[in-house]
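Enquirer: Take this structure first; my questions come after.
The values are calculated or read from the model by the stated rules, or taken from the named source; none is laboratory data. Computed from a predicted structure; not experimentally measured. Counting neighbours? That spans all protein chains shown, and the Cβs are built from the backbone with ideal geometry, glycine included. For the accessible areas, the whole protein counts, side chains as well, though only heavy atoms, and no ligand, DNA or RNA atoms are used. Shrake-Rupley method; radii C 1.70, N 1.55, O 1.52, S 1.80 Å.
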Amino acid sequence: MKILDKYLLKTFLITFTTVFVILFFIFILQTVWLFIAELAGKDLDLILVVKFLLFSMPRIIPLVLPLSVLLASIMSFGNLAENYEFAAMKSSGISLQRAMRILIVFIFVLSIVAFWFANNVIPYAEYKFVNFRKNIAQAKPAMAIAEGQFNDVGFYNIKVNKKSGENGNILTGVTIHEKNNNIGENKTVIKAKNGELISNEKSSILKLVLNDGYYYQDVMPKKYEDRAKLPFVKAAFKKQIINIDLSELNKVDENKEDVNSTNGMLNVSELRYTLDSLNKNLDNEIISFSENINQRVGIKKIPMPIKTDIKKKQMPNDLLSLYTNKQKLDILKMASSNVSSNIYSVEATQKDLKDKQREINKHLSALYEKFVIAFACFLMFFIGAPLGAIIRKGGLGLPIVFAVLIFITFHFINTFGKRLSQEGGMTPFLGSWMSSFILTPLAILLTYRATNDNGLINFDAIMTPISQLFQKISERFFPAQNK
């Protein structure tokens, strides 16, 4: 390795490492801010909080790594150009491509590492992160009750509109569905204006005190004919106490792993296997529905009136005229019922198929994203390096402005493409790679202009036609002044 290559690699590595650490710390703070409500004031051990943050860190890498490469490239090459080191290299016959060669090798290795990280470390960390949050919620019941949604706590589904108090134990707008142990249905509903969670570290019983509410319970009559009346019991209460047995929930192992995999927890081989199963399931669903709907569109045969000469006459245009009024009514009712049933079946199946296709699109996007992060390192380097050589500014001023604008554009297009592809607006491949496809011409253009020592924008190419146009207008309308 030549002295120049060592110098360029050392300069870039120092800048890259510094930028990466700073950005990683900023994004970690953002993660803490997002989950501060789950962590603060819940009496969690320091070890649990550290594990929580460690499992959430790898998901930050796909955001931090490309931005770090972009900013480090602009700053490194901007400093070299600003200090006229590039001018000295070019005077010695060293081109920009030759100066970038060793860094291209480094970015290539970094891309391979990024792909390995996205394929192995991030899915594992995501798996541990989701399971760890679930186990913490079981160990700390106050955390298990989130606002605005039903939460499974013991034998109850609990929903609260708002939580307050030091540990989130004051509840407002409480709705509880009690599970039926025999058939698993919600036969009892309790609604209260407010409530309070009272727990004791020495007891496995969580006491839920409810105030000013109503109690509803379905009654199942013994006689089958009375069940159509849907009887139920309703009672009001000023105060009611519900004891929730947490003995099973508190037997929590932080290393317990029993949450089903999602697309973010799978590597490439697992995603391909899952996609194969999902596609086969979707195809079988379509075939099964098409066969069933064909069997359901037929109308039951109704005995036609006996007429001895009906075969001798041509069938009338109005087939209903062959039947009596009562038979017409039966036929029309049957047709209306069949149409309504088929429409409902089609709409329900259509929604189910869309959900299955959306799940397939999410898995495809997760598959392509593992390759996108590797290519993004290359893309950001070939944007940042020539851009730094063109603007000839290092430091933390102008390079940060350019880096933030470019990365926001990249991230916005990437997020927009993924969301659109998941809803079927475009293919998952195009949605995942759209940001790369759009910014690749920019990287090629910047590299070409930096290689030929051209500025960021050729103002002469823009201003010359405008000046010529004004000159022609002036000569035509003011000929005396131009003589």
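Enquirer: Considering only Cα-Cα distances, which of the following residue pairs are longer than 23 Å: Lys328/Lys351; Lys179/Lys239; Lys179/Lys234; Lys159/Lys234? Can you show the working numbers first?
Expert: Details: Lys328/Lys351 35 Å; Lys179/Lys239 21 Å; Lys179/Lys234 17 Å; Lys159/Lys234 20 Å.
Flagged as over cut-off: Lys328/Lys351.
Enquirer: Have a look at Gly397, His363, Met380 and report the one farthest towards the positive end of the charge dipole of segment 360-433, computed about the Cα centre with Cβ charges (Lys/Arg +1, Asp/Glu -1).
Expert: Gly397
Enquirer: Another question, then. For segment 353-361, in order, what is each residue's ³J(HN,Hα) by Karplus, 6.51 cos²θ - 1.76 cosθ + 1.60 with θ = phi - 60°, in whole Hz (x at glycine and Pro)?
Expert: After applying 6.51 cos²θ - 1.76 cosθ + 1.60, I find 5, 5, 5, 5, 5, 4, 5, 5, 4 Hz.
Enquirer: What's the local net charge at Asn161, with K and R +1, D and E -1, over the other residues with C-beta under 13 Å away?
Expert: Combined, the nearby Lys, Arg, Asp and Glu give +4.
Enquirer: Separate question: Run the accessible area of segment 398-444 with a 1.4 Å probe and give the carbon-and-sulfur part as a rounded percent.
Expert: After summing per-atom areas, the C and S share lands at 79 percent.
Enquirer: Where does the charge balance sit around Ala72 when Lys and Arg score +1, Asp and Glu -1, over other residues with C-beta under 15 Å from its C-beta?
Expert: Surrounding charge for Ala72 is +2.
Enquirer: Check Asn194: other-chain or 5+ apart residues with amide H under 5 Å from its amide H, H built from backbone geometry?
Expert: Long-range HN contacts for Asn194: Gly173, Val174, Asn211.
Enquirer: On to the next question. Could you tell me which of the pairs Lys187/Lys280; Lys128/Lys362; Lys2/Lys418; Lys128/Lys187 are separated by over 32 angstrom between their Cα atoms in the structure shown?
Expert: Listed pairs above 32 Å: Lys187/Lys280; Lys2/Lys418; Lys128/Lys187.
Enquirer: Ranked from the most accessible area to the least, with a 1.4 Å probe and all protein chains present, what is the order of Lys238, Lys351?
Expert: Sorted by accessible area, descending: Lys238, Lys351.
Enquirer: Just to confirm a number: summing +1 for Lys and Arg and -1 for Asp and Glu over residues other than Leu8 whose beta-carbon lies under 12 angstrom from that of Leu8, what do you get?
Expert: Here the count lands on +3.
Enquirer: Heads up, I need the accessible area for Asp330: 1.4 angstrom probe, whole protein in place, Å², nearest 10.
Expert: 70
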